[in-house]
Protein chains: 2
Amino acid sequence: MVKKTGATHSRSESRRKEIILAALACFTEQGINETSITDIRRRSKASVGSIYHHFGNKEQLARAVYIEGIRDYQAGLVDVLERHEDAREGVFAIIRYHLEWAKQNPEWTRFLFQKRHADFMSSTEKQFKEMNVDFARRIAAWFQKHVRAGALKRLPPDLYPCILLGPCQEFLHHYLATHTVTSLDTAAREFGQAAWCALSAGSDREAR
Amino acid sequence: MVKKTGATHSRSESRRKEIILAALACFTEQGINETSITDIRRRSKASVGSIYHHFGNKEQLARAVYIEGIRDYQAGLVDVLERHEDAREGVFAIIRYHLEWAKQNPEWTRFLFQKRHADFMSSTEKQFKEMNVDFARRIAAWFQKHVRAGALKRLPPDLYPCILLGPCQEFLHHYLATHTVTSLDTAAREFGQAAWCALSAGSDREAR
DNA sequence: TCATATTTTAGAATAAGATTCTAATCAAGT
DNA sequence: ACTTGATTAGAATCTTATTCTAAAATATGA
């Protein structure tokens with residue numbers, strides 16, 4: 001009756017995971033719209049009833065897949081960031097991390113960033129909102145620290161992630177779609193350089 | 001029998017346009033998946049048969065909407081770019097244009113950039129590919145010119161658009177979704193500055 | 001260990017919506 | 001006016017998401 005605090009849901013949990021992974025595979029292969037519940041059923045060996053029992057509907061299933069992925073991505077990013085004391089190293093590291101994660105997790109990346117949460121994630125979702133608020137706070141804190149220390153330019157806080165990761169996102173878009181583009185390593189170097197130029201204090205000389 | 005080269009399709013053409021606009025409105029209000037053909041029928045006053053006659057199916061309708069919008073956007077961008085001789089001014093102008101267009105065309109922007117072509121635009125689409133190839137060529141040409149003239153850093157060509165517009169895209173994402181962010185004008189200034197720092201030749205001093 | 005309650009799974013039944021089809025209507029050229 | 005192809009209507013069909021009922025599995029408590 002009372003929910004267990006620990007975990008031993010062996011059967012149930014693993015079934016849930018199976019469904020999520022099957023869904024991820026289907027979604028990235030054929031797109032969310034194009035995958036039917038039947039596709040997921042076949043791939044996961046679960047029944048329709050089971051899928052609906054665990055996730056309610058297709059939209060919420062997609063949401064669960066999204067959460068699963070973004071959590072891992074964000075955790076790693078914060079980790080990298082908070083491990084770096086030096087501003088310049090932090091900037092380069094964050095970009096490297098982003099691109100490297102994408103390289104290691106192409107399916108998740110395709111799912112998370114190509115077709116973002118836009119469709120099924122109404123940004124008012126409690127779970128999603130909480131996660132992002134915390135994430136944003138910790139990112140912002142890191143930048144603030146270095147702004148105060150005089151290492152980084154002061155900007156409206158919401159612009160830092162844009163300048164830092166915008167180019168990566170744009171790049172991944174093409175990288176994951178058609179290929180025949182610059183290597184991820186080269187891109188990481190160049191974007192790191194670019195971001196550092198753009199963000200480091202004292203680059204204002206160009207203002208004329 | 002032979003297709004007219006000019007245009008007077010008055011009836012047919014305008015019906016087509018009506019459907020596209022109705023679809024755009026529905027798509028941005030409720031999302032592509034959530035809008036039924038019936039929604040579009042109601043809003044456009046066209047019949048189911050008419051819609052299918054003109055577009056084949058919902059996917060192709062979405063595609064048509066996309067093409068319609070992206071064509072306008074790209075034309076304006078190339079125009080702005082080719083109007084600017086000076087590298088620095090060109091860089092700032094392109095960013096201003098991008099954000100300004102988004103401000104003037106919020107519905108189109110939401111449709112074009114929030115949920116990109118990912119879903120329904122398999123990037124192998126002939127029409128789409130042609131358009132983009134031409135667009136990319138002209139953008140690349142402009143940058144090459146200034147690289148040769150020594151005004152811009154030499155980079156792998158596919159990275160220019162990423163560095164230039166990536167931050168804008170990332171920003172618009174938030175701007176169009178939740179708001180409570182920096183104004184578009186401020187963003188345009190800062191991103192312009194950032195991009196110029198990142199792209200102008202001689203910023204390499206930071207390389208240490 | 002057995003009886004009972006709760007969670008999970010199956011798969012058939014239903015409902016919603018996309019697509020197809022057949023037959024009118026319209027516009028243009030002759 | 002007459003023929004032909006394009007366009008429109010809307011009913012019929014087909015696909016797929018979702019709901020529902022009941023069976024199986026698992027946990028709980030004596």
Counting only C-alpha contacts under 8 Å and six or more residues apart, can you give the relative contact order of chain A as a whole percent?
22 percent
Heavy atoms of A:Trp101 accessible to a 1.4 Å probe, total area in Å² rounded to 10:
20 Å²
Percent carbon-and-sulfur accessible area, the protein assembly as shown, ignoring ligands, DNA and RNA, probe 1.4 Å:
50 percent
Grab the Cα-Cα distance for B:Glu85 and B:Asn33, subtract it from 0.36 nm times how many residues apart they are, and report the gain in nm with one decimal.
14.3 nm
Could you quickly flag the chain A residue whose beta carbon comes closest to the rotation axis taking A to B, and that distance in whole angstrom?
A:Gly166, 2
What shape does the protein assembly as shown take by its C-alpha gyration tensor, where a ≥ b ≥ c are the square roots of the eigenvalues and a/c under 1.5 counts as rounded, a/b above b/c as prolate, and the rest as oblate?
oblate
Probe 1.4 Å, protein heavy atoms only - accessible area per residue of region A:65-207 in square angstrom
44 Å²
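Could you tell me the total accessible area buried at the B-A interface, probe 1.4 Å, in square angstrom to the nearest hundred? All intermediate terms of the calculation are to be shown ahead of the outcome.
Details: alone 12360 and 12350 Å², together 20980 Å².
Adding both sides of the contact gives about 3700 Å².
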So the angle from the long Cα axis of helix A:58-83 to the longest Cα principal axis of chain A, reported in degrees to the nearest 10, equals 30 degrees
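For the cross-link pairs B:Lys45/B:Lys103; B:Lys103/B:Lys129; A:Lys17/A:Lys58, which exceed 20 Å when the distance is taken from alpha carbon to alpha carbon?
Values: B:Lys45/B:Lys103 29 Å; B:Lys103/B:Lys129 26 Å; A:Lys17/A:Lys58 15 Å.
Beyond 20 Å: B:Lys45/B:Lys103; B:Lys103/B:Lys129.
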Name the residues whose placed amide hydrogens come within less than 5 Å of the amide hydrogen of B:Ser200, ignoring near sequence neighbours (fewer than 5 apart) on the same chain.
B:Lys153
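The values are calculated or read from the model by the stated rules, or taken from the named source; none is laboratory data. Since this is a predicted model, take the numbers as computed values, not measurements. No Cβ is skipped: glycine too gets one built from the backbone with ideal geometry, and neighbour counts run over all protein chains shown. Keep in mind that these areas ignore ligands, DNA and RNA; they rest on the heavy atoms of the full protein, side chains included. Shrake-Rupley method; radii C 1.70, N 1.55, O 1.52, S 1.80 Å.
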